[in-house]
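The values are calculated or read from the model by the stated rules, or taken from the named source; none is laboratory data. What you see is a predicted model; the values in this text were computed from it and never measured. Backbone-built Cβ (ideal geometry, glycine too); neighbour counts: all protein chains shown. Please note that ligands, DNA and RNA were not included when accessible areas were found on the heavy atoms of the full protein model with its side chains. Shrake-Rupley method; radii C 1.70, N 1.55, O 1.52, S 1.80 Å.
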Amino acid sequence: MSTDADTLHQPAPGIRRLRAPNPSPMTGSGTNTYLIDTEAGVVVLDPGPDLAAHSEAILACLAGAPVAAILVSHAHLDHSALAGRLSARTGAAVMAFGGAGDGRSQIMRGLAASGLMAGGEGVDAAFVPDRCLSEGEVLRFGDVQIDVLHCPGHMGGHLCFAIGEVLFSGDHVMGWASSLISPPDGDMADYMASLRRLARGQWQQFLPGHGAAVEQPAARLADLIRHRLMREAAVLAAVGAGHGTARDIAALVYQGTPPALHAAAARNVLAHLVDLHSRNKISTSGTPGFESRFTPT
């Protein structure tokens, strides 16, 4: 897989992007770390995976400039794990919604309590920010204002950050792929609500957690909503045809998906099934999970 890891790129004035050397089927060409230049210092957004090479690349780009803050979109290891090391080196506070389990909906809290485990997406269970952020907060760093948007879905505590009409969209909206929604950390109902919430905005550009900038945000949001509704219809039809478990349905509706993504596909299907179940569109006995067999209502 080709990558421009650790090569500096400027997607917008005053904003630099450094891509971590962690390419994979789940991360694309790697995790994007953004350096936002302000009069108060550099704001580092999503420091990335805990890789010494990426840490040194960030410090080299800083070139001795003070770090005003370290912002984290969500507690997945490929976004948050380097935050502690970078904070220790720079003295900057780490800011995020909370820990890995914070922000879960009531339904997802119930699934977690029932024993449903994460699917190996790299949850950073040890992550604890110095300061917890919430929806609607305004962060000011000298001449730059950063607005905090709580956009749960990919994770319960997922944040997006806005500078004017430029949105740092994390893993919520990307151009190269749709987001993984993996219960109990991911919630399809929340994800769809967050997409529709962003669709009401007037955005000029999205700077995502992976891949290139999204230059037509409204069109991309419409595509993602349409894609998820199509998947929901396919899952509902599969249940009606007697394909009752998440894995059975994933094998049907994700035909042609590379083997490395089969587990993620089943997680996405489970997220749809949990959502459909909560809306009384389908039924199952007991708490929904991978072993559950779903039937039409």
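Excluding Glu165 itself, what net charge comes from residues whose Cβ is under 13 Å from its Cβ, given Lys and Arg +1 and Asp and Glu -1?
-2
If you put +1 on each Lys and Arg Cβ and -1 on each Asp and Glu Cβ, how big is the dipole of the chain around its Cα centre, in Debye rounded to 20?
I would put it at about 760 debye.
What accessible area per residue, rounded to a whole number of Å², is obtained for the chain using a probe radius of 1.4 Å?
I get 41 Å² per residue for the chain.
Evaluate the relative contact order of segment 47-114 (contact order divided by residue number), counting alpha-carbon pairs under 8 angstrom at least 6 apart; express in whole percent.
35
Computed over the Cα atoms of the chain, what is the ratio Rg over Rh, Rh following Kirkwood?
0.98
In whole angstrom, how far apart do the alpha carbon centroids of segment 176-191 and segment 14-51 sit?
If you average the Cα positions of each part, the centres end up 22 Å apart.
For Ala234 paired with Glu215, estimate the spin-label separation in nm (one decimal), with each label point 7 Å from Cα along the Cα-to-Cβ line.
Between Ala234 and Glu215, the label points sit 2.9 nm apart.
What's the extension gain from Asp102 to Arg196 if we count 0.36 nm per residue and subtract their Cα-Cα distance?
Between Asp102 and Arg196, full extension yields 31.6 nm more.
Give the carbon-plus-sulfur fraction of the accessible surface of segment 164-297 in %, rounded to a whole number; probe 1.4 Å, heavy atoms of protein chains only.
53
Compute the acute angle (0 to 90°) between the alpha-carbon long axis of helix 52-62 and the principal axis of greatest extent of the alpha-carbon atoms of the chain; round to the nearest 10°.
For 52-62 against the chain, the angle is about 50 degrees.
What full-extension length gain, to one decimal in nm, is calculated for Ala241 and Ala88 as 0.36 nm per residue of separation minus the Cα-Cα distance?
49.5 nm
Using just the Cα positions, wrap segment 1-138 in a convex hull and report its mean projected area in square nanometres, one decimal place.
Answer in nm², one decimal: 9.3.
Relative to the Cα centre, what is the charge dipole magnitude of segment 45-150, using +1 at the beta carbon of each Lys and Arg, -1 at the beta carbon of each Asp and Glu, and rounding to the nearest 20 debye?
200
In whole percent, and with a 1.4 Å probe on the protein chains, what portion of the accessible area of segment 1-114 is carbon and sulfur?
54
Could you work out how far helix 262-278 tilts from the main Cα principal axis of the chain, as a 0 to 90 degree angle to the nearest 10?
With both axes taken from Cα atoms, the answer is about 70 degrees.
Of Ala212, Ala93, Met188, which is farthest on the positive side of the dipole of the chain, counting Cα position, with +1 on Lys and Arg Cβ, -1 on Asp and Glu Cβ, and the Cα centre as origin?
The one lying farthest along the dipole's positive direction is Met188.
How much length is gained if the chain between Val128 and Ala52 is pulled fully straight, taking 0.36 nm per residue apart and subtracting their Cα-Cα distance, in nm to one decimal?
25.3 nm
Between segment 219-261 and segment 103-138, what's the alpha-carbon centroid distance in Å?
Their Cα centres are 25 Å away from one another.
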